[in-house]
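Scroll down for the structure; my scribbles are underneath it.
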Amino acid sequence: MHTVFRIDEITQIDKNNPLYQVDLKLTSDDDEQLCTLTNRIREETPGKTGWQRLGQLLLKLKESKKAEELYKVLLEKTSDERDKAFFYNQLGYVKCYQGDYEKAIECYEKALKFCQETLRPNHPDFASSYSNIGEAYRSMGEYSKALSFCEKALEIEQEIHPPNYPDLAISYNNIGSLYDNMGEYSKALSFHEKALEIQQETLPSNHPVLATSYNNIAGVYYNMGEYSKALSFLEKTLEIFEKTLPPNHPDLATSYCNMGVIYDKMGEYTNALSCYEKTRKIFEETLSPNHPLLATTYNNIASVYNKMGEYSKAFSFHEKALQIEQETLPSNHPLLATSYNNIADVYYKMENVEDITSIKDFNVRHKSLSLSKRRNNRVK
């Protein structure tokens, strides 16, 4: 156990200056609360070596660039095939977090190949690889492929683990999210509730993973049109995150975003915009400039400005979103079509507002201009 102190008392030294005396009390190695915390950290950052555990910790902290650098070095230095599988799997997780889903799948498939060469068919590492590949495909919108891989993972986990094993909760949540994406909300809710039941049995009440499950259930209720239930679960999510995460943590940003979506749907646009701006601030601090989550955030903000009649602001944020999507998505991705139509819609409204004098200053070199003209012809 390393040296750990408790804060015993804080006293202001000088009333005219922000100087404080902090009295610390040294903890003992058999301190019950410290032992519980240490054991929990070790459970959540597993690894054969300190370097592997450091990588896991960096991922928990969302320090993806530092984690990527570490895993690349470790991969280069090892000759053990199981270690290579582990490092490729972790690099895939990093790439998925960074929004580079094709590269993530490439890494996950390399990990799977090493597993196939060295492990029995129902080894837990296979389940991890299948689950990770499935999540990457889900992020790319390829839900049928994603479901196939996630079901393979669940089949292995149900075979080798007891019913309340934490990894089962992960698979239940993954499949629940897929059914949510596919519009099968009853199935989605069922899988998310199975996950939550396991997590409530095995995790502390303020654990961030519980917050994620509350958030998932809130999303399903939102899609079902049950907004009061959705808000209730989102409030549980936000309560945990604000207590346990740093103020610029991406998961906190996601929680603000989801709250904004509910307010937006309820017509409370000022509250919605406030939540989306909190999301944008965190994502711009923590993500790469072309990350897909930033595009989603810009589109959300643009949508609110559009409803509030502030079309020039809406146009500006839709363009920011489109630029990211053009850089990161296939040319036939449905989100691109949605963005072109969003810009066309706003452009059309701006052309029909008499007091807009700066309309010609906007850059409409992309497809939205022709789309807006076609829209004008149809409307008139």
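The values are calculated or read from the model by the stated rules, or taken from the named source; none is laboratory data. None of these values were measured; they are calculated from a predicted model. Using ideal geometry, Cβ is built from the backbone for each residue, glycine included, and neighbour counts are taken over all protein chains shown.
Go through the range 81-103 and give me each residue that's hydrophobic (A, V, I, L, M, F, W, C) and either without any contact (Cβ under 8 Å) to a residue 12 or more places away in the chain or closer than 19 Å to Leu294 by Cα (or both). Result: Val94, Cys96.
Go through the range 295-317 and give me each residue that's β-branched (Val, Ile, Thr) and surrounded by 20 or more Cβ atoms within 10 Å (Cβ to Cβ). If the condition is that a residue be β-branched (Val, Ile, Thr) and surrounded by 20 or more Cβ atoms within 10 Å (Cβ to Cβ), then Thr297, Ile301, Val304 are the ones that fit.
Applying the set (1) acidic (Asp, Glu); (2) modelled with pLDDT under 95; (3) within 21 Å of Ser213 (Cα to Cα) to Asp180 leaves exactly one unmet item: (2).
The helices (runs of 4 or more DSSP H) found entirely in the range 34-152 that carry 3 or more residues being modelled with pLDDT under 85 are 50-60.
All told, Ile175 falls short of being farther than 21 Å from Ser213 by Cβ and free of Cβ contacts under 8 Å to residues at least 40 places away in the same chain.
Just name the residue that is farthest from Lys243 (Cα to Cα) out of those in the range 175-193 that are charged (D, E, K, R) and surrounded by fewer than 19 Cβ atoms within 10 Å (Cβ to Cβ). Among residues in the range 175-193 that are charged (D, E, K, R) and surrounded by fewer than 19 Cβ atoms within 10 Å (Cβ to Cβ), the one farthest from Lys243 (Cα to Cα) is Glu184.
For the range 321-334, filtered to residues that are surrounded by 15 or more Cβ atoms within 10 Å (Cβ to Cβ) and over 16 Å from Ile301 (Cβ atoms), the residue that is modelled with the highest pLDDT is Gln326. Being of a type outside the set (D, E, K, R) and in contact with a His (Cβ under 8 Å, 6 or more places away or on another chain) holds for only one residue in Asn216, Asn223, Asn181, Asn206, and it is Asn216.
Residues in the range 152-187 that are over 22 Å from Ser129 (Cα atoms) and among the small types (Gly, Ala, Ser): Gly183, Ser186.
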